[in-house]
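Accompanying notes for the structure given below.
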Amino acid sequence: MTSRTCLSIILAAGEGTRMKSAKPKVMHEIAGLPMISHVMGAAQAAGAGDVALVVGNGAEAVLKAVPEGTEHVVQQERLGTAHAVLAARAAIARGYDDVLVMFGDTPLVEPSVLNSARASLANGAAVVVIGFRPANPAGYGRLIEDGEKLVAIREDKDCSEAERAIDFCNSGLMAMSGADALSLLDAVGNANAKGEFYLTDVVAIANQNGLPVVALEASYENALGINNRAELAEAEAIWQARKRRAMMLDGVTLTAPDTVFFAHDTEIAADALIEPHVVFGPGVKITGNAKIRAFSHLEGATVGGGCEVGPYARLRPGAVLGAKAKVGNFCEVKNATIEAGAKVNHLSYIGDARVGANANIGAGTITCNYDGYSKFITDIGANAFVGSNSALVAPLKIGDGAYIASGSVITEDVPEDALAFGRARQKTLPERGRQLRERRAAAKK
Ligand code: UD1
Ligand code: MG
């Protein structure tokens with residue numbers, strides 16, 4: 001990485017009308033993280049984390065999504081991309097070696113692309129434009145080259161027929177040498193089809209001043225701009241494909257990768273196995289060689305090595321599974337620790353609880369943790385055995401090694417090694433079944 005200083009100006013003032021949404025465009029999420037945070041993350045990873053955010057529409061919401069203290073400026077009137085960049089004039093004037101301009105709605109840009117743009121500046125370019133070749137160039141600015149030189153960017157609406165046939169397009173990502181940035185930007189006018197101050201005009205202006213300008217080509221993914229929900233879904237798909245591949249290369253087995261969905265912060269250790277149709281919400285960490293079986297949904301959960309989860313399990317925030325714990329089919333675990341070797345295998349709800357090491361929770365066990373007003377804790381000791389279809393009414397403490405009879409409703413603490421019944425005693429009346437049947441049959445004649 002270079003030792004040059006860098007300012008990243010991220011444009012996020014747009015209205016995003018085509019999203020048809022109450023929230024600002026850059027707040028729409030990919031892998032559970034707002035687009036603006038993806039862009040900021042890429043800048044950070046490229047050592048370009050000195051950010052000036054240009055906000056306008058929905059500024060308050062956008063500022064909530066970014067780290068506190070992130071430098072921002074409000075663009076009061078939207079007069080074009082150059083005008084937006086100049087809203088950050090004071091930041092540029094502090095004097096950086098490199099100035100990067102990024103769009104808040106281009107979330108899949110990779111740090112390597114930013115690095116290559118900066119490397120070009122370090123090699124003497126005054127302006128670097130990241131271009132790409134979309135299947136349909138309509139609407140994009142076209143890059144007009146002369147040999148190695150980028151001589152101009154022409155916006156779609158201002159193109160001649162011949163220029164419109166060019167398929168090399170402006171992604172929007174641009175790098176400028178900090179020494180030239182302000183004078184280039186200040187020279188931009190608005191005599192064009194839209195009457196806007198186009199950032200893209202700095203290319204022609206730099207050429208007029210004899211400054212070197214180059215275009216670098218990036219993949220379609222890197223340049224994908226999001227304007228509507230269909231493009232948002234496309235970006236999500238690309239992000240997921242990248243993540244699945246990265247996971248597999250890091251040693252995670254995905255039996256059917258296309259059916260597994262990760263969040264931006266999912267962490268999975270090598271040798272874990274993820275079966276088909278598993279969804280990871282934010283905040284999941286799998287710390288060892290666990291097996292997550294088909295159709296499970298995990299969010300805010302930590303899973304230890306040797307664990308087995310699912311099929312059809314739901315781990316909600318605060319679920320922590322110790323080594324070799326098991327949470328089986330149709331079980332839900334929320335804000336609960338299932339300690340090493342404990343089993344919750346069938347049709348249970350364990351919420352606001354601790355299940356001690358090697359305890360066994362029988363099928364259909366429910367922790368009754370909520371009285372409609374407050375939540376209460378159920379604490380189950382190591383090696384306890386909770387019989388099937390028990391209701392554990394919290395607050396409740398079940399001691400180590402205690403035994404709960406099946407079908408119990410347990411409302412009082414159970415000491416260590418005790419056996420507790422919380423159910424009506426069974427009464428069996430010999431022959432009464434047959435008598436009943438005969439009486440009914442006679443009455444029906
Ligand atoms: C821009 C580029 C075009 C490029 C395309 C890539 C210019 C003049 N054109 O066109 O060459 O191919 O992006 O997607 O730069 N914004 C503000 N304030 C403004 C205007 C825009 O913050 O006053 C923000 C928008 O929110 C958006 C970005 O800048 O994030 C780009 O603006 P947009 O109007 O979408 O430009 P395009 O016409 O798409
Ligand atoms: Mg656009």
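Hey, got the dipole for the chain? About the Cα centre, +1 on K and R Cβ, -1 on D and E Cβ, debye to the nearest 20?
Working: 44 positive and 49 negative charges, 615 e Å.
Result for the chain is approximately 2960 debye, rounded to the nearest 20.
What three numbers, in Å, describe the spread of the alpha carbons of the range 6-223 along their principal axes, ordered from the longest?
The principal-axis extents, from largest down, are 44, 37, 31 Å.
V303's amide H: which non-local residues (gap 5+, or another chain) put their own amide H closer than 5 Å, with H modeled 1.01 Å from N in plane and none for Pro or chain starts?
The list, which skips near neighbours in sequence, is K285, I286, T287, L321.
Apply 1/(1 + (r/R0)^6) to the Cβ-Cβ distance of A165 and D186, taking R0 = 30 Å, and write down the FRET efficiency to the nearest 0.05. Write out the running numbers ahead of the final one.
Details: r = 33 Å, r/R0 = 1.09.
In this case the efficiency is close to 0.40.
Pop the C-beta distance of M248 and D400 into the FRET formula with R0 = 51 Å and round what comes out to the nearest 0.05.
Details: r = 42 Å, r/R0 = 0.81.
It comes to 0.75.
Please state the shape class of the range 229-420: rounded when a/c is under 1.5, otherwise prolate if a/b exceeds b/c and oblate if not, all from the C-alpha gyration tensor. Spell out each step's value before the answer.
Numbers: a/c = 2.76, a/b = 2.06, b/c = 1.34.
Cα axes put the range 229-420 in the prolate bin.
Just want the ordering: V252, V333, from fewest to most Cβ atoms lying within 10 Å of their own Cβ.
On the way: V252 22, V333 28.
Fewest-to-most Cβ neighbours within 10 Å comes out as V252, V333.
What length, rounded to one decimal in nm, is gained on full extension from E148 through to A418, with 0.36 nm per residue of separation minus their alpha-carbon distance? Mind showing how you got there, number by number?
Working: separation 270, 0.36 × 270 = 97.20 nm, distance 8.32 nm.
Here the answer is 88.9 nm.
When you count, for each residue, the other Cβ atoms within 10 Å and take the mean per peptide, how do 107-117, 62-72, 179-189, 4-14 rank with the highest first? Intermediate values should be presented prior to the final figure.
On the way: 107-117: 20.8, 62-72: 14.9, 179-189: 17.5, 4-14: 24.1.
Per-residue mean Cβ counts within 10 Å order the peptides as 4-14, 107-117, 179-189, 62-72.
Roughly how many Å is it from the Cα centre of the range 350-395 to that of the range 37-69, as a whole number?
Taking the Cα centre of the range 37-69 as reference, the centre of the range 350-395 is 43 Å away.
Taken together, the values in this text are just the output of simple stated rules run on the coordinates, not laboratory data. Every value quoted in this text rests on a predicted model; they were computed, and no experiment measured them. Don't worry about glycine lacking a Cβ; one is built from the backbone with ideal geometry, like all the others, and counts go over all protein chains shown.
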